[in-house]
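Read the structure below first, then the notes.
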Amino acid sequence: MKRTSKLVTGIGLLAAASLALAGCAGGGSPTATEDGETGPAGGTGESYKIGISQLVQHPALDAAATGFQQAFTDAGIEVEFDVQNANGEQATAVTIANTFASDADMDLVLAIATPAAQAAAQAVGDKPVLFTAVTDPVSAELVESNEAPGGNVTGTNDMNPVADQIELIQEIVPDVASIGVVYSSGEVNSQIQVDIAKEKADELGIEISEATVTAVNELPTAMQSLGDVDAIYVPTDNMVVSGFETVVQHAESNGIALFAGDTATVERGAIGTLGLNYEKLGQQTGEMAIKILVDGEDPASMPVESQTEFELFISPSAAEAQGVELPQAVLDRADTVIE
């Protein structure tokens, strides 16, 4: 797969996925970065232990984990990372959170994705908890408000420009009359995105058909239930994205245009999206962690942060596989083109 980019972003999502994979495989015994540390020792004269709880393995979340660790490498701070993956199981996320909570040597916990963050927030009360890849931390009851979290939990959200993504679908598929949306019924972050998508689609005169799943193996049935739609949209739903190849197969077999909520998923078979850079988001979260550990800032008064710049990813090869002709205007303004 060839990729060209107008931006020198350092996004490296595929590399990020491989780096995070070493720490995220399975959910068993604690793992760490190479030699149990990141970065040169002595950046602050202190060393720390940080637990990372990742809900499931897929490129966007892997990139967030890598970016978080990179922030400490860049700062020259010595850290032992205990990286655990819940493999998409909420019960496992709870177990990981409880293990981190009982570890007296743990200085801070990072939770990646909403269900993992909810488990960590409930279990860990005596040490800072940061989250990333959470769409709406207020609705998820992680913070009192984005401006003033009010407890030991804060972090970064990954709210994408959903309304703009729906407009992008209409620009690429001008005669789109119906869009199928598949998502997990157990992820509050997905429901929020679907509600925004429905509101925007209604403005554009587009009908939204929904299909929900409670497990990855339900995806084939869910895709069939969408019926004869003109396009498919997958929000940043951790369960569906972890089984995205099933969605791609359905789209290609039926000649349906497929769009995603995150940029990493474009590299796996979606036509395109306007989304954020998860590695940068993770690094931004890491910088917040450094402020807490090194500078002594209080999570209760640290506002939830987000990204304000989004990147347009387009895949001509995916468009061809799904029988879609890309407008030249879209290709001309794309930040990254997946060949």
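Laid out as a table, the results:
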read-out	value
Checklist (1) more than 15 Å from residue 55 (Cβ to Cβ); (2) in a loop (DSSP other than H, G, I, E, B); (3) open to solvent by 10 Å² or more (accessible area, probe 1.4 Å); (4) of a type outside the set (Phe, Trp, Tyr) applied to residue 149, failing item	(3)
Residue match in region 250-270 (condition: under 29 Å from residue 179 (Cβ atoms), surrounded by fewer than 19 Cβ atoms within 10 Å (Cβ to Cβ) and polar (S, T, N, Q))	yes
So residue 251, is it over 25 Å from residue 64 (Cβ atoms), among the hydrophobic types (A, V, I, L, M, F, W, C) and outside any loop (DSSP other than H, G, I, E, B)	yes
Failed criterion for residue 116 (all others in (1) touching a Leu at 6+ places or on another chain (Cβ under 7 Å); (2) open to solvent by 10 Å² or more (accessible area, probe 1.4 Å) hold)	(2)
Tally, over region 328-339, of residues that are part of a helix (DSSP H, G or I) and open to solvent by 20 Å² or more (accessible area, probe 1.4 Å)	5
Extreme residue, surrounded by the fewest Cβ atoms within 10 Å (Cβ to Cβ), among residues of region 304-327 that are assigned to a loop (DSSP other than H, G, I, E, B) and of a type in the set (Ser, Thr, Tyr)	308
Residues located in region 261-271, provided they are on the phi < 0 side of the Ramachandran plot and outside any helix (DSSP H, G or I)	261, 262, 267, 268, 270, 271
Given (1) in contact (Cβ under 8 Å) with a residue 60 or more places away in the chain; (2) in a loop (DSSP other than H, G, I, E, B), index of the condition residue 166 fails	(2)
Residues of region 154-167 satisfying the condition of being open to solvent by less than 10 Å² (accessible area, probe 1.4 Å) and among the aliphatic types (A, V, I, L, M)	162, 166
Pick from region 193-227, criterion open to solvent by less than 30 Å² (accessible area, probe 1.4 Å), touching a Ser or Thr at 6+ places or on another chain (Cβ under 7 Å) and β-branched (Val, Ile, Thr), ranking: farthest from residue 178 (Cα to Cα)	213
Unique match (being open to solvent by 10 Å² or more (accessible area, probe 1.4 Å), farther than 19 Å from residue 276 by Cβ, modelled with pLDDT of 95 or more and not in a helix (DSSP H, G or I)) among 105, 74	105
Hits in region 169-192 (condition: more than 15 Å from the chain's Cα centre (by Cα), within 18 Å of residue 225 (Cα to Cα) and either open to solvent by less than 10 Å² (accessible area, probe 1.4 Å) or in contact (Cβ under 8 Å) with a residue 60 or more places away in the chain (or both))	179, 180, 181, 182
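Matching residues to (1) out of contact with any strand residue (DSSP E or B) (no Cβ under 8 Å at 6 or more places or on another chain); (2) farther than 24 Å from residue 77 by Cα; (3) of a type in the set (S, T, N, Q):
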site: 293; (1), (2), (3): no, no, no
site: 308; (1), (2), (3): yes, yes, yes
site: 312; (1), (2), (3): no, yes, no
site: 329; (1), (2), (3): yes, yes, no
site: 337; (1), (2), (3): no, yes, no
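Yes/no matrix, rows are residues, columns are (1) farther than 22 Å from residue 193 by Cα; (2) in contact with a helix residue (DSSP H, G or I) (Cβ under 7 Å, 6 or more places away or on another chain); (3) among the aromatic types (Phe, Trp, Tyr):
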position	(1), (2), (3)
68	yes, yes, yes
72	yes, yes, yes
81	yes, yes, yes
121	yes, no, no
131	no, yes, yes
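The rows are residues; the columns are (1) touching a residue at least 60 places away in the same chain (Cβ under 8 Å); (2) under 30 Å from residue 251 (Cβ atoms).
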site	(1), (2)
284	yes, no
288	yes, no
295	no, no
305	yes, no
325	no, yes
332	no, yes
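The values are calculated or read from the model by the stated rules, or taken from the named source; none is laboratory data. Keep in mind the model is a prediction, meaning the values are calculated, not measured. All Cβ positions, glycine included, derive from the backbone under ideal geometry; neighbour counts span all protein chains shown. When the accessible area is computed, the model is the full protein with side chains, heavy atoms only, and any ligands, DNA or RNA have been set aside. Shrake-Rupley method; radii C 1.70, N 1.55, O 1.52, S 1.80 Å.
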